[in-house]
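Asks: I'd like to ask some things about the structure below.
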Amino acid sequence: MRDSARCPGKIEPMSNVPPPRFGVLVPVKPACRAKSRLSPLGDRARRELVEAFAADTVTAALDSPLVAAVMVVTDDHVLASTLAHLGAHVVPDGASDDLNESLVLAAAEMRRRRPDLGLAALCADLPALDVEELTMALRAASSHPAAFVADADGSGTTMVAADSVEHFTPRFGPGSRAAHAAEGAHEILEVDVPTLRRDVDTPADLREALDLGVGSRTARVAAGLRL
């Protein structure tokens, strides 16, 4: 029985305003030079994992009800075709030597195409990403001009979100958790999102992601590896 039924005099607040939706940006390095720390698994496996991580991350983002569009930023033509087939928009990397500059340029393009959306940037190496966890994080982010999610190791960042281009100031890189906090962004701690925090750089990270449960493409590649 609902509380309002037990207390007839209580008026429950109601709102028909839906939560804001986001345009999600996913930067993806070309597979030929990404994830060097996975090289102990073999070069072919490393390349296949890069592609699988990106595809599983994009698939999860596209499935979130708070995501209206996904834009992949990459110069990898093979990956571009695969991710476009999934439903993502793909744009070339306009500043391939600077991840944050690339994201700022992509955010401006997303805003040009969809000015009605908030902005979020996701790392492309989140193979265990759960749709519900991403949705919870985006809902939490929508209460702040800018917000971020720290990675599992506690020093990096896996997601940055903002309500406008002006507030979208990504600081991905070493020490990015502290850098985003220094910019005044809200750190999202109010929801439990372990799959959003588990980026994969090393074989040990991959084992942890597998324990959380990865997407189908990563699972297929990992099945042939001895982890």
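Asks: Would you say Pro145 is open to solvent by 60 Å² or more (accessible area, probe 1.4 Å), touching a strand residue (DSSP E or B) at 6+ places or on another chain (Cβ under 9 Å) and within 19 Å of Ile188 (Cβ to Cβ)?
Replies: Yes; evaluated as a whole, the condition is true for this residue.
Asks: Ala137 fails exactly one of the following numbered conditions: (1) hydrophobic (A, V, I, L, M, F, W, C); (2) surrounded by fewer than 23 Cβ atoms within 10 Å (Cβ to Cβ); (3) assigned to a helix (DSSP H, G or I). What is the number of that condition?
Replies: Unmet condition: (2).
Asks: State all residues of segment 79-112 that are more than 18 Å from the chain's Cα centre (by Cα), modelled with pLDDT of 95 or more and closer than 18 Å to Ala31 by Cα; if no residue qualifies, say none.
Replies: Of everything in segment 79-112, those that are more than 18 Å from the chain's Cα centre (by Cα), modelled with pLDDT of 95 or more and closer than 18 Å to Ala31 by Cα turn out to be Ser81, His85.
Asks: Restrict the check to segment 41-50 and report whether at least one residue is part of a helix (DSSP H, G or I), modelled with pLDDT of 95 or more and within 22 Å of Ala121 (Cβ to Cβ).
Replies: Scanning segment 41-50 turns up at least one residue that is part of a helix (DSSP H, G or I), modelled with pLDDT of 95 or more and within 22 Å of Ala121 (Cβ to Cβ).
Asks: Would you check if there is a residue in segment 152-165 being within 13 Å of Leu25 (Cα to Cα) and more than 12 Å from the chain's Cα centre (by Cα)?
Replies: yes
Asks: Now a separate question. Could you list, in sequence order, the residues of segment 67-78 that are modelled with pLDDT of 95 or more, out of contact with any Pro (no Cβ under 6 Å at 6 or more places or on another chain) and either over 18 Å from Ala31 (Cα atoms) or of a type in the set (A, V, I, L, M, F, W, C) (or both)?
Replies: Val67, Ala68, Ala69, Val70, Met71, Val72
Asks: Looking only at segment 8-34, filter to residues that are assigned to a loop (DSSP other than H, G, I, E, B) and at pLDDT 95 or above; which one of those is farthest from Ala69 (Cα to Cα)?
Replies: The qualifying residue farthest from Ala69 (Cα to Cα) is Val28.
Asks: I want to confirm something. Restricting to segment 34-62 and keeping residues that are of a type in the set (D, E, K, R) and open to solvent by less than 40 Å² (accessible area, probe 1.4 Å), which single residue is nearest to Val160 (Cα to Cα)?
Replies: Asp56
Asks: Any idea which residue in segment 106-134 is most open to solvent (accessible area, probe 1.4 Å), counting only those that are within 29 Å of Thr218 (Cα to Cα), assigned to a helix (DSSP H, G or I) and not charged (D, E, K, R)?
Replies: Top of the filtered list is Val131.
The values are calculated or read from the model by the stated rules, or taken from the named source; none is laboratory data. Remember, predicted model here, so these are calculated numbers, not experimental data. All Cβ positions, glycine included, derive from the backbone under ideal geometry; neighbour counts span all protein chains shown. SASA here: full protein model, heavy atoms, side chains in, ligands and nucleic acids out. Shrake-Rupley method; radii C 1.70, N 1.55, O 1.52, S 1.80 Å.
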